[in-house]
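Derivation of every value follows stated rules applied to the coordinates shown; laboratory data play no part. Just so it is clear, the model here is predicted, and its values are computed rather than measured. Virtual Cβ from ideal backbone geometry, glycine too; neighbours counted across all protein chains shown.
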């Protein structure tokens with residue numbers, strides 16, 4: 001009986017946990033509830049992914065109102081792929097959060113952090129699983145509003161400015177999205193994704209569709225930090241608490257990319273959205289600039305978290321590059337990179353948080369001689385850095401390999417040169433950190449007074465698992481590449 005309602009429980013559990021945590025008002029109880037809910041959500045996501053792989057797409061009608069009249073939760077190969085990523089990231093970072101949040105968030109706000117985290121998790125899972133265009137907006141606002149609070153909880157005053165900047169940009173993006181789906185509703189009279197896609201096949205007036213596509217692309221482009229709409233991201237990642245940065249880097253922008261992909265291929269159809277318009281060239285061009293320009297900016301950042309933030313904008317460029325290539329290999333690389341970059345950047349931000357926890361700073365200049373003080377952390381950073389570069393045997397290599405195949409298939413060898421050049425830039429900025437850790441003498445000055453002496457075992461365990469995944473996913477590709485291929489088959493066939 002419970003198995004029939006797993007799609008609803010996927011969202012309901014974290015959504016109910018948020019007010020429960022506020023009522024408890026106890027830090028330990030709040031952490032325990034958030035952790036149990038995250039693990040349960042991950043288990044549900046895995047169960048749904050297995051069910052979809054065995055029996056095909058799952059449709060769940062809320063309130064027993066059949067679609068398109070009622071709201072539908074729909075789990076197919078693409079959404080199951082994303083549910084595992086989002087829920088898995090939550091289950092991975094929550095053990096880490098116990099000590100990290102206690103050190104980075106004011107004591108009277110700790111339980112509020114866990115409440116906002118549960119709302120954010122519910123919103124992101126809801127975006128992925130819902131089959132209703134307006135419901136996407138509702139969950140988008142749930143996740144966004146909670147994200148603004150999570151970023152503002154950072155100890156530095158600059159966290160408030162970063163949250164305010166994200167609020168302004170996020171509100172504009174959500175407004176553009178609503179205008180786009182409003183135009184689609186005027187044309188089709190429906191908000192159900194499957195129904196809208198079916199009705200659009202009979203629409204002959206393309207001007208409102210072009211306007212809707214433009215509004216949705218820009219709105220989601222702001223949300224996913226598509227270059228040059230990325231200005232909110234570096235400050236948000238640099239000044240938010242480490243757990244928040246890790247969770248957002250691995251999930252929030254990826255979910256926005258997921259929604260954009262679903263619109264291009266399963267609502268408008270790639271023949272209209274990509275083949276019939278110059279959008280492919282635009283995506284490839286913007287992605288190419290993002291990959292090179294943001295890697296160069298990352299190269300000159302003095303702070304580790306800020307360097308990784310600009311690197312994230314460049315890595316998003318890889319994802320949108322595969323979307324612009326719009327062939328099977330390119331899309332496989334794009335979807336695989338959603339997972340590979342999420343795992344890799346998540347590991348790097350967890351390591352950065354551990355360094356801040358133990359050393360009191362993430363300035364690259366303060367990392368001198370870190371390999372003597374924290375040898376395992378320094379080694380783990382090298383491993384995760386190799387995945388970010390895309391060295392064979394790591395997660396980052398597999399997605400870049402498929403992007404290279406997609407570029408060659410489209411007769412665009414310059415993209416191959418671009419990927420190689422950007423990987424060399426990644427070598428350069430990762431090397432700056434490795435050089436400081438291993439090749440520069442220990443500083444004469446003592447560590448900051450507020451620094452902690454050792455990370456907790458839970459922090460170490462979460463970080464170790466995350467770093468190990470960057471290697472495991474380089475060799476065992478059943479999930480990141482295997483499920484990506486199933487999702488690509490769904491996209492190219494236009495089945496929703």
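With respect to the chain, whose longest principal axis is taken over its alpha-carbon atoms, helix 457-475 is tilted by about 60°. Legend: Rg and Dmax of segment 134-230, from Cα coordinates, 16.0, 54 Å. Per the Debye formula on identical point scatterers at the alpha carbon atoms of the chain, with no solvent, log10 I(q)/I(0) at q = 0.08, 0.09 Å⁻¹ is -0.44, -0.56. The modelled label-to-label distance for the pair residue 141/residue 468, using points 7 Å beyond Cα in the direction of Cβ, is 4.3 nm.
For the chain, the longest principal axis of the C-alpha atoms and the axis of helix 158-188 are separated by about 10°.
Between residue 109 and residue 231, take the C-beta separation as r, use R0 = 25 Å, and let me know the FRET efficiency to the nearest 0.05. Spell out each step's value before the answer.
Details: r = 27 Å, r/R0 = 1.08.
Rounded to the nearest 0.05, the efficiency is 0.40.
Compactness ratio of segment 29-110: Cα Rg over 2.2 N^0.38 Å, N = residue count?
Working: Rg = 16.7 Å, N = 82, 2.2 N^0.38 = 11.7 Å.
Its radius of gyration relative to the 2.2 N^0.38 Å reference: 1.42.
Across segment 278-496, counting alpha-carbon atoms alone, Rg and Dmax equal 18.3, 63 Å. A straight chain from residue 53 to residue 168 at 0.36 nm per residue would run longer than the Cα-Cα distance by 37.4 nm.
Would you calculate a helix-derived [θ] at 222 nm for the chain, using -39,500 (n - 2.57) for each DSSP H run of n ≥ 4 and dividing by the full residue count, to the nearest 500? Write out the running numbers ahead of the final one.
Working: 19 runs with 366 residues, N = 496.
After summing the helix terms and dividing by the residues of the chain, the value is -25500 deg cm²/dmol.
Dimensions of segment 266-310 based on its C-alpha atoms, expressed as ranges along the principal axes with the largest first, amount to 44, 19, 6 Å. Could you list the residues of segment 55-99 with an amide nitrogen less than 11 Å from a label point located 7 Å from the Cα of residue 493 in the Cα-to-C-beta direction? Those under the cut-off are 56-57, 77.
From largest to smallest, what semi-axes in whole angstrom does segment 204-338 give when each is the square root of 5 times an eigenvalue of its alpha carbon gyration tensor?
Numbers: eigenvalues 155, 43, 34 Å².
That gives 28, 15, 13 Å for the three semi-axes.
Extents of segment 305-357, largest first, come to 44, 17, 7 Å (Cα atoms, principal axes, whole angstrom).
The Cα-based radius of gyration of segment 1-271, divided by its Kirkwood radius, gives an Rg/Rh of 0.98. Between 0 and 90 degrees, the angle of helix 242-262 with respect to the longest Cα principal axis of the chain falls at about 20 degrees.
If I model a spin label as a point 7 Å beyond the Cα along the Cα-Cβ vector, how far apart are those points for residue 5 and residue 28 in nm? Here the modelled spin labels are 3.2 nm apart.
A protection proxy built from the mean count of other Cβ atoms within 10 Å ranks the segments 203-214, 117-128, 479-490, most packed first, as 117-128, 479-490, 203-214. The length gained on full extension between residue 435 and residue 478, counted as 0.36 nm times the residue separation minus their Cα-Cα distance, comes to 12.0 nm.
Starting from 0.36 nm per residue, how many nanometres of slack lie between residue 214 and residue 292 once their C-alpha separation is accounted for? Walk me through the intermediate numbers first.
Details: separation 78, 0.36 × 78 = 28.08 nm, distance 2.53 nm.
Value of the extension gain: 25.5 nm.
Normalised by the number of residues in the chain, the average gap of Cα pairs under 8 Å and 6 or more apart makes the relative contact order 15 percent.
From the alpha carbon centroid of segment 185-207 to that of segment 286-346 is 33 Å.
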